Amino acid sequence: MSYGQGGPPWGQGDRGPQGQQPYGQQRPATPDWEALASASEARGRKRRWTLIGGGAVATVAVAALVATLVVRANSDDPKASDPIGGVSSSSALPEDTTAPAPSFSEVAPPPPPDPKDFVSSAEKDKAPLTAHSLYPGRKLTVGDRVYAKGALHRTTKCASGTQGALGQVLTKNGCEQLIRATYRRDGVAVTVGVATFKTADVAARVKEETSGNVASLAGEGVPTFCRTTVCRSTANAYGRYVYFTVGGFTNGDNVTKQDRAVFTTGDDVAEFTLRQIHRRGVAQASQAAAAQ
């Protein structure tokens, strides 16, 4: 029997006489943990230095490549600006740079037509004109004030719609037509009359020569007013149009300077009339501009 090579154990248990370990099953030696840890740390340091060294090499290689590109980009070699394909970027530019630059017209476009020009003479003022086109709708709203529209009237016998000497003035200066409309609010009524002439010069003259006034227009819920009582009247001109107002109380009271409601109503109706005449000019000027 040889010791340590398959011999039988001593007795029934794992141990031989006096508790000794049998020769064939010796206890392994305790590992030197400190030495193993030192060896592992050394291997880790070696691996890290290897990675750092590789990264440094890569960094140096990238830096060298960038330096090469910068040098080639600044080179006089026409191929240096394209290190990949060797084709100069200048090949994308047109070969003929002597072509003339685009030119623009130095002629300024004509100014837009003046709307007032189209309502200053009968030759240009060709748009249809009726009582309903000049005073449309059933009421007039100015701010918080609402006026109900009363009667409308149009005539080519201008003197028939006037009082006093105004008829003679209109006839003498060749009045073409007279359109009247009445608006009312809170016991106050105002009649506006619009007379047309050939030119703006004639209309301006009529305004200066005005005497008397248009006759108030009753109807549509408005009784006869301002025929025998004191009323407020105005006269203005715009283009070839002269427009008049006469306003007062529907109950027949005389108007005084303190009756602001009469003045306000007359001003609102006159302002609306002016705007309507101007709109005619704007519409015709726009059509003329579109035709150009």
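The values are calculated or read from the model by the stated rules, or taken from the named source; none is laboratory data. Because the structure is a prediction, the values reported are computed rather than measured. All Cβ positions, even for glycine, are placed from backbone atoms using ideal geometry, and neighbour counts span all protein chains on display. We work out accessible area using only protein heavy atoms, side chains counted, and drop any ligands, DNA or RNA first. Shrake-Rupley method; radii C 1.70, N 1.55, O 1.52, S 1.80 Å.
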If you build the Cα gyration tensor of region 211-279 and take the root of 5 times each eigenvalue, what three semi-axes come out, in whole angstrom, biggest first? 22, 13, 12
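Kirkwood Rh, Cα Rg: Rg to Rh for region 165-216? Present the calculation step by step, with values, prior to reporting the outcome.
Details: Rg = 12.4 Å, Rh = 11.9 Å.
Reported Rg/Rh, Kirkwood definition of Rh: 1.04.
Report the gain in length on full extension from THR171 to ARG260: 0.36 nm times residue separation, minus Cα-Cα distance, nm rounded to one decimal.
On the way: separation 89, 0.36 × 89 = 32.04 nm, distance 3.34 nm.
Gain on stretching THR171 to ARG260: 28.7 nm.
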How many nm is it between the label spots at ALA148 and LYS126, if each spot is 7 Å from the Cα in line with the beta carbon? 4.2 nm
Normalised by the empirical 2.2 N^0.38 Å for globular proteins, what value does the Cα Rg of region 101-255 take? 1.28
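Note down the net charge around LEU140, summing +1 for each Lys or Arg and -1 for each Asp or Glu among other residues with Cβ under 13 Å from its Cβ.
With Lys, Arg at +1 and Asp, Glu at -1, the net is +3.
Counting only protein heavy atoms and a 1.4 Å probe, tell me what percentage of region 188-265's accessible area is made up of carbon and sulfur.
46 percent
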Sorted by packing (mean other beta-carbon atoms within 10 Å per residue), highest first, where do 210-223, 127-140 land? 210-223, 127-140
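Would you mind getting the accessible area per residue of region 168-292, heavy atoms of the protein chains only, 1.4 Å probe, in Å²? Working shown, then result.
Details: 5650 Å² over 125 residues.
Roughly 45 Å² per residue, with all protein chains present.
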If each K or R counts +1 and each D or E counts -1, the residues other than ASN251 whose Cβ falls under 13 Å of its Cβ total -2
